[in-house]
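Read through the structure below, which is laid out as structure tokens, and then see the notes.
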Amino acid sequence: MAGYRKPKTRLHHEFVYLNHDTVINALSGLEAGKIDEIIEKVSEAREGGFEGSLGYGAAKVGGSKKKTANVEEELTRSRTHFSAFEAWHSRLDAADAFGELDEWDLATRNEIEVGDTIKFTATVSLAPVQQVLLTFMDFAKQAGDPSSPFKQPTAKLAETKKIASQMNNWMGGRDGARSILSSIAPLGIATPRVFARLAETYLVNGAGVVEGEFTVIAQVEQLINQGSAVPAIRVLRETPPTPKETETITEALKNFIEPAAGLGLTVTPGDITLEFPGVLLHPIAIYR
């Protein structure tokens, strides 16, 4: 006799990533009044006992009204974001507007088109180059801590911090937030390779949880053509990548291959420059 009864349905979503701006903008275009309805319902819940049930009412916190207002604002914002996602997802699902993957190979890759919104299960992880950057930056923090087993002499520490600062600048996005390159294996299949740049702003619990099996919803941003190449890390962010940027960044990142091994990480030339038949996605939601 089985010792586990499976749930009939999975209603709970644990989000790793949610680009709520994309969701809200899209939903506003599809159903102009839906966002107003969601905000109204969330506000009604707050005013009708929501704040009291959480113990955040002004009478209970005395002089902490500003802090209370900030907490309530954040709760309202979060509920709006996730409610908007559910409404947006339901709308697209009902209209069969999601492309779905039954297989993942070169033939399937060639069937998808730029602009398609696709939904699939995948193994998601930080891209190897991204792992190197984040690991080294964390190492640099530890190197300056006298109690850390990774502490470094003062003379060497200065160079380590300089390199870490450069890496942090490389990860910057257009709005100043960091961009995290992730590797996505649809259905657990590693090739053709799929990548997505995660804006740190939309990571729910930080980059440390980007590891494991998830449902991914994304829009196809680019199908890398034969003879084309995209640098894993973008430095010139206001324009599409140029051959000169790709060449410069590729040469710079090649210098990380050997040090990466010292950190217990493996980086190959294919991790540094994304080439055919690679796919770049604009991620909207990653959850399980």
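The values are calculated or read from the model by the stated rules, or taken from the named source; none is laboratory data. Since the model is a prediction, treat every value here as computed from it, not as a measurement. Backbone-built Cβ (ideal geometry, glycine too); neighbour counts: all protein chains shown.
Taken over the range 170-190, the criterion of being farther than 24 Å from GLU211 by Cβ and without any contact (Cβ under 8 Å) to a residue 60 or more places away in the chain is satisfied by ASP175, GLY176. Within the range 210-248, the set of residues being free of Cβ contacts under 8 Å to residues at least 40 places away in the same chain and either within 21 Å of PRO128 (Cα to Cα) or not polar (S, T, N, Q) (or both) comprises LEU236, PRO240, PRO241, PRO243, LYS244, GLU245, THR246, GLU247, THR248. When the residues of the range 10-44 are narrowed to those that are surrounded by 12 or more Cβ atoms within 10 Å (Cβ to Cβ), part of a loop (DSSP other than H, G, I, E, B) and not polar (S, T, N, Q), which ends up modelled with the lowest pLDDT? Per the criteria, the residue is GLU31. Whether any residue in the range 201-211 is assigned to a loop (DSSP other than H, G, I, E, B), at pLDDT below 85 and more than 19 Å from THR266 (Cβ to Cβ) is what I want to check. Checked against the condition, which is being assigned to a loop (DSSP other than H, G, I, E, B), at pLDDT below 85 and more than 19 Å from THR266 (Cβ to Cβ), the range 201-211 yields at least one hit.
Only one of the numbered conditions (1) surrounded by fewer than 13 Cβ atoms within 10 Å (Cβ to Cβ); (2) of a type in the set (D, E, K, R); (3) within 26 Å of GLY188 (Cα to Cα) is not met by GLU251, and that is (3).
Please verify whether the range 136-144 includes one or more residues that are touching a residue at least 40 places away in the same chain (Cβ under 8 Å), assigned by TED's automatic domain parsing to the domain that holds ILE233 and of a type outside the set (Val, Ile, Thr). So far as the range 136-144 goes, yes, one or more of its residues are touching a residue at least 40 places away in the same chain (Cβ under 8 Å), assigned by TED's automatic domain parsing to the domain that holds ILE233 and of a type outside the set (Val, Ile, Thr). Scanning the range 249-261 for residues that are under 14 Å from PRO128 (Cβ atoms) and either outside any helix (DSSP H, G or I) or small (Gly, Ala, Ser) (or both) gives PHE256, ALA260, ALA261.
Scanning the range 171-194 for residues that are among the basic types (Lys, Arg), in a loop (DSSP other than H, G, I, E, B) and modelled with pLDDT under 95 yields one hit, ARG174.
For the range 226-249, the tally of residues that are among the β-branched types (Val, Ile, Thr) and more than 23 Å from the chain's Cα centre (by Cα) stands at 2.
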